[in-house]
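Here's the structure we're looking at; comments come further down.
The values are calculated or read from the model by the stated rules, or taken from the named source; none is laboratory data. Values in this document were obtained by computation on a predicted structure and should not be read as measured data. Note that we place each Cβ from the backbone using ideal geometry, even for glycine, and neighbour counts take in every protein chain shown.
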Amino acid sequence: MKAATIIFFLLYIVSSTSLSAQACFNVTIETTPLIILPECNDSSGSVLFSNTRGGRPPYTFRFNGKINQFGSFNNLKIGVYDLVISDSRGCVDTFKVDMTYADVEDIIRPNNAFTPNGDGFNDTWYIPGIESFAGTEVLVFNRWGQKVLNNSQYSNDFGWDGTSNGFKLPSGTYFYIIEIVNNCIKEQISGTVNIIR
């Protein structure tokens, strides 16, 4: 009688998760969003993710419940969205995409003083950030509440030279109101500006 020969088979099951984890170690996927915000709270927003790099192409984009390999998504409302990008090996990176309007005060930051003395330096009052909004109106009042500037189409190309109806205004503190339309809502910013001669 022959002795029985016992053969042991070792079965290794390697899950795709562990393969993916090894292949994805230190893999970072990056992308650049081009965002068009929706107007007047409708669903006209869109986003295109371009210059995607890292990992191994092709990439799959998961955004707002939709999946594609083009990185283009339309008919979006205002909100903060999750983006998941996976590469051909299953490596994944996640992002937050903010499709909301910024606060007006974070964009428009009027200078608080200027010196219109003709020396070519700081002669005009400028309002940094105002170019982000079309059709802004700038009103300036003296300390007695008299309107000294009413510019319904203000532009930093010209600014304000500290005159009213062609006359130089004296040194002092003036009060401004800036009216803008932000996402179809009329908003105001107010503050003071000093003329120093």
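A compact table of results
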quantity: Filter result for the condition that a residue is modelled with pLDDT of 95 or more and charged (D, E, K, R), over Arg62, Arg89, Arg53, Arg109; calculated: Arg62
quantity: Arg89 assigned by TED's automatic domain parsing to the domain that holds Val181, touching a residue at least 12 places away in the same chain (Cβ under 8 Å), surrounded by 13 or more Cβ atoms within 10 Å (Cβ to Cβ) and basic (Lys, Arg); calculated: no
quantity: Residue satisfying condition, being surrounded by fewer than 16 Cβ atoms within 10 Å (Cβ to Cβ), among the polar types (S, T, N, Q) and over 20 Å from Val181 (Cα atoms), within set Gln153, Gln146; calculated: Gln146
quantity: Which numbered condition Phe73 misses (of (1) within 30 Å of Tyr176 (Cβ to Cβ); (2) at pLDDT 95 or above; (3) not in a loop (DSSP other than H, G, I, E, B)); calculated: (1)
quantity: Which numbered condition Phe141 fails, given (1) within 28 Å of the chain's Cα centre (by Cα); (2) touching a residue at least 12 places away in the same chain (Cβ under 8 Å); calculated: (1)
quantity: Only listed residue being at negative phi, over 21 Å from the mean Cα position of the chain (by Cα) and of a type outside the set (A, V, I, L, M), chosen from Ser152, Ser132; calculated: Ser152
quantity: Residues of region 63-81 satisfying the condition of being aliphatic (A, V, I, L, M) and either farther than 29 Å from Pro128 by Cα or in the same structural domain as Glu187 (by TED's automatic domain parsing) (or both); calculated: Ile67, Leu76
quantity: Test: Arg109 is without any contact (Cβ under 8 Å) to a residue 60 or more places away in the chain, outside any strand (DSSP E or B) and either loosely packed, with under 14 Cβ neighbours inside 10 Å or more than 14 Å from the chain's Cα centre (by Cα) (or both); calculated: yes
quantity: So Asn122, is it surrounded by 12 or more Cβ atoms within 10 Å (Cβ to Cβ), of a type outside the set (A, V, I, L, M), in a strand (DSSP E or B) and at positive phi; calculated: no
quantity: Single condition Pro58 does not satisfy, out of (1) closer than 24 Å to Val27 by Cα; (2) part of a strand (DSSP E or B); (3) in contact (Cβ under 8 Å) with a residue 12 or more places away in the chain; calculated: (2)
quantity: Qualifying residues in region 159-190 (those that are in a strand (DSSP E or B) and acidic (Asp, Glu)) - the one surrounded by the most Cβ atoms within 10 Å (Cβ to Cβ); calculated: Glu179
quantity: Qualifying position, being out of contact with any Pro (no Cβ under 8 Å at 6 or more places or on another chain), in contact (Cβ under 8 Å) with a residue 24 or more places away in the chain and either not assigned by TED's automatic domain parsing to the domain that holds Gly65 or not in a loop (DSSP other than H, G, I, E, B) (or both), among Val84, Val193, Val97, Val148; calculated: Val148
quantity: Number of the exception - Pro128 against (1) at pLDDT below 95; (2) within 30 Å of Gly54 (Cβ to Cβ); (3) of a type outside the set (Gly, Ala, Ser); calculated: (2)
